[in-house]
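Where a number appears in this text, it was derived from the coordinates with a stated rule and is not lab data. All of these numbers come straight from a predicted model, not from anything done at the bench. FYI the Cβ positions are ideal-geometry reconstructions off the backbone, even for glycines, and counts take in every protein chain you see.
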2 protein chains.
Amino acid sequence: MKLNKKLYLTSLENKISLKILKLKKESGSHSPSIHTLKEELPELEIKVDACFLSNPYATELYMEYFDKEIIQKNRLRDLLEFYPSQNSVIADLVSKSINVKSDKIFIGNGAIEIIQAIIHRFTKNKIVVNIPTFSSYYDFALDLVDVTFFKLKKENGYSLIIEEYINFINKIKPDTVVLINPNNPTGTYILKSDLIVILERLDFVENIIVDESFIHFAYEDIDFKEITISAMVEKYPNLYIVKSMSKDFGIAGIRAGYAIMHANKVSSLLKNGYLWNSNGLAEHFFRLYSDKIFILKYQKVRKKYIIETQKFLSDISNIPQIKTFPSSANFVLIELPENVSSEIITSILLIRYGIYVRNCDDKIGLEGNYLRIASRGIVENKLIFDSLFDLFS
Amino acid sequence: MKLNKKLYLTSLENKISLKILKLKKESGSHSPSIHTLKEELPELEIKVDACFLSNPYATELYMEYFDKEIIQKNRLRDLLEFYPSQNSVIADLVSKSINVKSDKIFIGNGAIEIIQAIIHRFTKNKIVVNIPTFSSYYDFALDLVDVTFFKLKKENGYSLIIEEYINFINKIKPDTVVLINPNNPTGTYILKSDLIVILERLDFVENIIVDESFIHFAYEDIDFKEITISAMVEKYPNLYIVKSMSKDFGIAGIRAGYAIMHANKVSSLLKNGYLWNSNGLAEHFFRLYSDKIFILKYQKVRKKYIIETQKFLSDISNIPQIKTFPSSANFVLIELPENVSSEIITSILLIRYGIYVRNCDDKIGLEGNYLRIASRGIVENKLIFDSLFDLFS
């Protein structure tokens with residue numbers, strides 16, 4: 001009885017909850033930003049943004065560099081006043097960092113612009129998207145494109161079963177498939193060796209998009225070595241690798257991402273667009289990204305964050321009344337007890353504990369009531385854990 | 001003889017000039033940025049960027065606000081770390097500023113993204129572009145689209161002759177036409193009343209794009225009242241108004257622009273894309289744009305800049321050996337004496353005087369040798385004038 005009470009909204013909480021719901025409706029396909037929440041609901045005391053999927057230690061590192069290189073050297077006006085360099089100039093910077101030739105690199109105003117660019121330009125007939133997943137991959141399909149879902153099964157922990165998937169694609173014959181690795185919101189991971197099997201066997205698919213936006217949080221060895229299949233672009237001209245910088249580096253506000261794809265595809269995109277799609281801050285970031293000392297420092301905070309994240313996810317998985325799914329990303333998908341609405345728990349966490357989590361009730365392909373919770377810094381993670389423990393144990 | 005000598009490069013200058021030429025080739029369809037020049041040619045002492053078409057006083061005003069509201073309040077990390085709001089949320093901010101309903105406003109990552117969005121989505125068959133002009137309007141046309149040029153005539157000072165234009169469009173029957181007002185690089189202006197005649201008589205054209213990116217520098221009365229035809233979108237569902245913020249506010253590095261168009265067109269674009277295409281700084285800028293006190297202060301620096309610009313353009317027009325064209329924008333098109341190469345003069349101005357101007361030898365539709373020179377602050381304008389006077393009088 002005591003437990004159940006905690007899972008209900010008081011009448012005051014209910015009023016605020018209705019306002020949150022309204023804001024969610026107004027913000028379209030995604031959650032309202034924390035700015036919007038703070039502005040529209042000043043009565044809330046938000047302590048942790050556990051919607052936001054990024055490494056806060058990397059943001060700190062970036063801010064240190066930004067302060068040292070831009071603010072202290074009085075270079076801010078230069079970045080804001082003048083036109084940034086064009087796409088191919090910034091691709092040269094990224095090339096130095098990732099050891100891929102610059103003619104295979106396309107710079108995006110965030111990964112989201114790249115997803116849009118690829119799907120609008122190269123997808124002609126049919127796209128297969130594995131669900132549950134990041135909705136833009138199907139929302140962005142143009143009207144004439146058929147969207148087919150490959151449903152990841154709850155009984156497999158929402159993991160991709162390679163053989164099943166390949167058979168499905170062979171039957172459906174789409175011109176585009178999407179593989180997000182690790183997947184969002186499930187955190188499920190496809191081994192690099194499995195991805196290579198998929199690439200080999202799906203050589204008839206015109207466009208294979210592999211989204212590695214969360215891959216910096218995954219690892220296959222005890223040294224946490226970074227994983228990528230970027231070298232595969234040499235062998236597979238149908239492969240596109242999409243990479244957001246917002247997650248690893250915690251800089252969603254500056255909109256920086258890149259893709260690796262066959263040089264002809266890059267030329268095709270640049271031939272009639274994407275001229276000045278980076279801003280001055282993104283260009284400066286990509287300069288840092290090609291700076292070896294910055295990257296060495298980044299690797300340290302990357303490992304620190306992965307270790308803390310794995311500890312946090314393991315702690316949450318031990319809370320009695322909720323179920324978690326093994327995640328190789330920096331977040332965890334949580335299934336709530338039966339008949340407990342994710343909308344209400346999201347409101348309770350926000351109003352009562354100041355913790356903003358992602359209510360997954362709009363995610364198609366999830367069976368049950370789910371929240372997605374991001375790992376943040378160690379202090380914030382403790383607040384998240386304590387709140388969940390208080391509610392569900 | 002004395003004059004002629006000045007118009008030749010010394011052998012040392014010639015070496016640097018070849019490097020500049022190489023950089024220009026590498027930077028694609030537009031001039032290399034001043035950053036690239038400074039980085040690749042550290043031997044240059046660049047004093048004035050007269051390529052760059054913006055009001056520097058507005059940049060100063062913006063930087064004051066940025067310092068006060070963001071840097072001093074320690075809000076910078078928030079802007080860089082978190083996702084900005086989505087397109088429609090920012091459209092609400094702009095709506096407050098321009099008195100147009102927000103469902104008719106589309107926010108772009110700079111005007112350049114808007115040009116791309118409109119032409120890629122709505123132009124199906126044939127686009128008519130008036131030349132000389134900003135090249136993206138024809139470069140961005142997709143492969144299947146036929147680009148037809150309407151040639152502005154030198155004998156008319158590159159002005160648009162309304163009757164001729166309407167007859168041409170009636171004959172060609174394109175689905176899209178583009179009118180940049182004032183035009184770039186000519187500075188020529190179409191009166192608001194003439195534009196309304198064009199709208200009335202071209203109601204059969206599916207897409208009429210009016211680019212008002214430079215219109216804040218134009219005026220039709222002695223109070224310098226701002227001009228726009230944005231209200232016409234109510235009456236003409238085929239009208240798109242494109243507006244860059246880079247020029248008026250001098251903030252090209254943050255990439256901010258918007259368009260006004262029929263609400264159905266905005267929905268069509270947002271239905272499958274343009275989700276987070278603004279960055280944190282652009283969102284903050286649009287908040288300023290909807291702030292009445294900021295705009296009052298902006299109007300002051302706008303008028304100051306217009307007055308100085310018109311004085312500067314008039315001074316240049318009196319330099320004996322060059323010809324200028326009347327401009328309602330913040331730059332002037334200069335025709336060099338016959339047989340004087342714009343490439344060489346661009347190098348001489350940069351190497352000898354530290355003044356970076358736009359060599360127009362890649363602009364199709366110009367007959368002769370041309371430079372485009374931007375008006376900057378009063379001190380810089382004097383440097384530009386003195387250099388031109390030294391060379392051409």
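Under Stokes-Einstein, with the Kirkwood radius over Cα pairs as Rh, the value for the stretch A:1-87 at 10 °C and 1.306 mPa s is 93 µm²/s. Position A:G377: other-copy label points at 3.8 nm, ordered by increasing distance, label point 7 Å along Cα→C-beta.
Of the complete DSSP H runs in chain A, none spans 18 angstrom or more by Cα along the long axis with a mean Kyte-Doolittle score not below 1.0. Its Cα gyration tensor gives the protein assembly as shown an equivalent ellipsoid; the semi-axes, largest first and in whole Å, are 48, 28, 27.
Please compute the net charge surrounding B:V145, taking Lys and Arg as +1 and Asp and Glu as -1 over other residues with Cβ under 13 Å from its Cβ.
On the way: positive: A:K271, B:R121, B:K124, B:K126; negative: B:D139, B:D143, B:D146, B:D175, B:E206.
Local charge sum for B:V145: -1.
Kindly state, to the nearest 0.05, the FRET efficiency for B:D203 paired with A:N170, given R0 = 60 Å and r defined as their beta-carbon distance.
Details: r = 52 Å, r/R0 = 0.86.
After rounding, the FRET efficiency stands at 0.70.
Take every DSSP beta bridge whose two residues both sit in the stretch B:84-290, then give the antiparallel share in percent to the nearest 5. Walk me through the intermediate numbers first.
Working: 8 of 26 bridges.
Taking every DSSP beta bridge within the stretch B:84-290, about 30 percent pair in antiparallel fashion.
Inter-part distance, the stretch B:15-89 to the stretch A:1-73, computed on C-alpha centroids, equals 32 Å. Just how far, in whole angstrom, is the stretch B:273-332 from the stretch A:339-368 if you go by their alpha carbon centroids? Computed from Cα coordinates, the inter-centre distance equals 47 Å.
Expressed as a whole percent, how much of the Cα-Cα distance distribution for the stretch B:84-290 exceeds 20 Å?
55
Over 29 Å between Cα atoms: which of A:K271/B:K265; A:K173/A:K243; B:K192/B:K265; A:K73/A:K225; B:K126/B:K363 fall into that group? The answer is A:K73/A:K225.
Inter-copy label distances for A:V147: 3.3 nm (label point placed 7 Å from Cα along Cα→Cβ; shortest first). Estimated translational diffusion coefficient (Stokes-Einstein, Kirkwood radius over Cα pairs, 10 °C, 1.306 mPa s) of chain B: 72 µm² per second. The residues packed around A:W276, meaning those with a beta-carbon under 15 Å from its beta-carbon, carry a net charge of -2 if Lys and Arg are +1 and Asp and Glu are -1.
Run through the DSSP bridge list for the protein assembly as shown and note the antiparallel percent, rounded to the nearest 5. Percent antiparallel among DSSP bridges in the protein assembly as shown is about 45.
Starting with the highest mean, order A:201-210, B:172-181 by the number of other Cβ atoms within 10 Å, averaged over the residues of each peptide. Please list the in-between numbers first.
Values: A:201-210: 18.5, B:172-181: 21.6.
Most protected by this proxy first, the peptides run B:172-181, A:201-210.
Between the beta carbons of A:F389 and A:K124, assuming R0 = 41 Å, the FRET efficiency works out to 0.25 to the nearest 0.05.
Once a ≥ b ≥ c are taken as the square roots of the eigenvalues of the Cα gyration tensor of the stretch B:224-322, is the result rounded (a/c under 1.5), prolate (a/b larger than b/c) or oblate (a/b not larger than b/c)? Please report the intermediate quantities before stating the final value.
Working: a/c = 2.13, a/b = 1.70, b/c = 1.25.
Prolate, since a/c reaches 1.5 and a/b exceeds b/c.
Taking the DSSP bridge list for chain B and keeping only pairs wholly inside it, about 45 percent are antiparallel.
Provide the gained length on full extension for the span A:K25 to A:K304, in nm with one decimal, where the gain is 0.36 nm per separating residue minus the Cα-Cα distance. Mind showing how you got there, number by number?
Working: separation 279, 0.36 × 279 = 100.44 nm, distance 3.66 nm.
Extra length available between A:K25 and A:K304 comes to 96.8 nm.
For the pair B:E69 and B:I295 in one chain, pulling the backbone fully straight at 0.36 nm per residue adds 79.8 nm over the alpha carbon distance. Temperature 20 °C, viscosity 1.002 mPa s: under these conditions the Stokes-Einstein estimate for the stretch B:278-355, based on its Kirkwood radius over C-alpha pairs, is 136 µm² per second. Averaged over peptide A:83-93, the number of partner chain Cβ atoms lying within 10 Å of each residue's Cβ comes to 4. Shielding of peptide B:71-82 by partners, expressed as the average count of other chain Cβ atoms within 10 Å per residue Cβ, is 6. Each residue, A:K154 and B:E155, gets one label point 7 Å from its Cα in the Cβ direction; the gap between the two is 7.9 nm.
Add -39500 (n - 2.57) for each DSSP H run of 4 or more in the protein assembly as shown, then divide by its residues: what number comes out at 222 nm, to the nearest 500 deg cm²/dmol?
Working: 32 runs with 340 residues, N = 786.
For the protein assembly as shown, the value works out to -13000 deg cm²/dmol.
Per-peptide packing, taken as the mean over residues of other Cβ atoms within 10 Å, places B:365-375, B:4-14, B:306-316 in the sequence B:365-375, B:306-316, B:4-14 from highest down.
Compute the Rg to Rh ratio over the stretch A:103-151 from the alpha carbon atoms, using the Kirkwood formula for Rh, and round to two decimal places.
Numbers: Rg = 11.4 Å, Rh = 11.5 Å.
Value, to two decimals: 0.99.
Here A:E234 yields copy-to-copy label distances, from shortest upward, of 6.3 nm, the label point defined as 7 Å from Cα along Cα to C-beta. Rg and Dmax over the alpha-carbon atoms of the stretch A:319-379 stand at 11.5, 33 Å.
Mean separation of Cα pairs under 8 Å and 6+ residues apart, divided by the residue count of the stretch A:83-290: what relative contact order is that in percent?
Working: 374 pairs, mean separation 62.1, N = 208.
30 percent.
Shielding value for B:31-41 is 3, the average number of Cβ atoms from other chains within 10 Å of each residue's Cβ.
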